[in-house]
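Okay, structure first, notes after.
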């Protein structure tokens, strides 16, 4: 079974190697490592780890955290491909077929950000409900995106990439938050259109991931006009 393990560890030589050794003792094999961010002496890494089916995923947490000052932020099954140049491949695909740019974006974003789904929503300017809320339409969605569509999204227009937190008043359809889904959104070319990404079971989106999401959405919006 393959898992995605997000670890927070001291950003010093040898620490990741010690984690790899500890995981190896439990029979786990690291397939890939992505550096999510580095800040103030700490690193956040995503490890794709293969574990024998007879071993429970809890051993990954115990093994990694046996290394001093290492914390496992989340562990969840991983079924995606091991892409190494995901953003570049998306940009090349959009350049070849800009008329399909938004569809290509929502299909690629789940792989790029190791999430389950992505969709693009847009506020219908001047089109309001009787209660004054602005109507929202779905522009595009990945295959695994929730079928439930939003009627209104109070946080649109959106000025910058952000984590969506329904408990803080950033309401979304309940289907979007099933399975403890973490949500992030970024403007797509203009403030009334947004790219939304869902990651069931976490981990939460970090500032560096929001920056990448915003940058990628901006590139695709520019290329598609």
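Suppose a student asked you for the relative contact order of the range 139-225, using Cα pairs under 8 Å spaced at least 6 residues apart; what percent would you report? If you can, show how the numbers build up before the last one.
Values: 119 pairs, mean separation 23.5, N = 87.
Computed over the range 139-225, the figure is 27 percent.
Would you compute, from DSSP H runs of 4+ residues alone, the mean residue ellipticity of the chain at 222 nm, taking -39500 (n - 2.57) per run and dividing by the full residue count, rounded to the nearest 500? If you can, show how the numbers build up before the last one.
On the way: 5 runs with 59 residues, N = 225.
Roughly -8000 deg cm²/dmol at 222 nm, from the helical runs in the chain.
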Query raised in the report: In the range 1-80, if every C-alpha pair distance is counted and binned at 5 Å from zero, what percent goes to each bin?
Result: 3, 17, 31, 28, 14, 6, 1, 0
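When a footprinting reagent is the concern and you count Cβ atoms within 10 Å, what order do 113, 205 take, fewest first? Show your work: numbers first, answer last.
Values: 113 19, 205 23.
Taking fewest neighbouring Cβ atoms as first place, the list is 113, 205.
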Query raised in the report: Just the C-alpha atoms of the chain: what Rg/Rh do they give, with Rh taken as the Kirkwood radius?
Result: 1.01
Query - Euclidean distance of C-alpha centroids, the range 26-75 and the range 177-225, integer Å - result: 25
Report task. Relative to the longest principal axis of the C-alpha atoms of the chain, give the angle of the C-alpha long axis of helix 207-224, reported between 0 and 90° and rounded to the nearest 10°. Result -> 40
Query raised in the report: Over the chain, what is the relative contact order in whole percent, taking alpha-carbon pairs under 8 Å and six or more residues apart?
Result: 17
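What ranking, highest mean first, results for peptides 61-72, 32-43 when packing means the other Cβ atoms within 10 Å averaged over each residue?
Values: 61-72: 16.7, 32-43: 13.1.
Highest to lowest by the protection proxy: 61-72, 32-43.
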Report summary line: So, relative contact order of the range 2-77 in percent, Cα under 8 Å, 6 or more apart, is 47
Requested in this report: Using a/c under 1.5 as the rounded threshold, could you call the range 142-225 rounded, prolate or oblate? The axes a ≥ b ≥ c are square roots of the C-alpha gyration tensor eigenvalues, and prolate needs a/b larger than b/c, oblate otherwise.
Outcome: prolate
**Report entry** Angle between the chain longest axis and helix 15-25 axis [Cα atoms, degrees, rounded to 10]
**Finding:** 70
Query raised in the report: Taking the Cα atoms only, what angle lies between the long axis of helix 86-96 and the longest principal axis of the chain, rounded to 10 degrees?
Result: 30
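Every number in this text was worked out from the coordinates using simple rules, so none of it is lab data. Since we're looking at a predicted model, the values are computed, not measured. Using ideal geometry, Cβ is built from the backbone for each residue, glycine included, and neighbour counts are taken over all protein chains shown.
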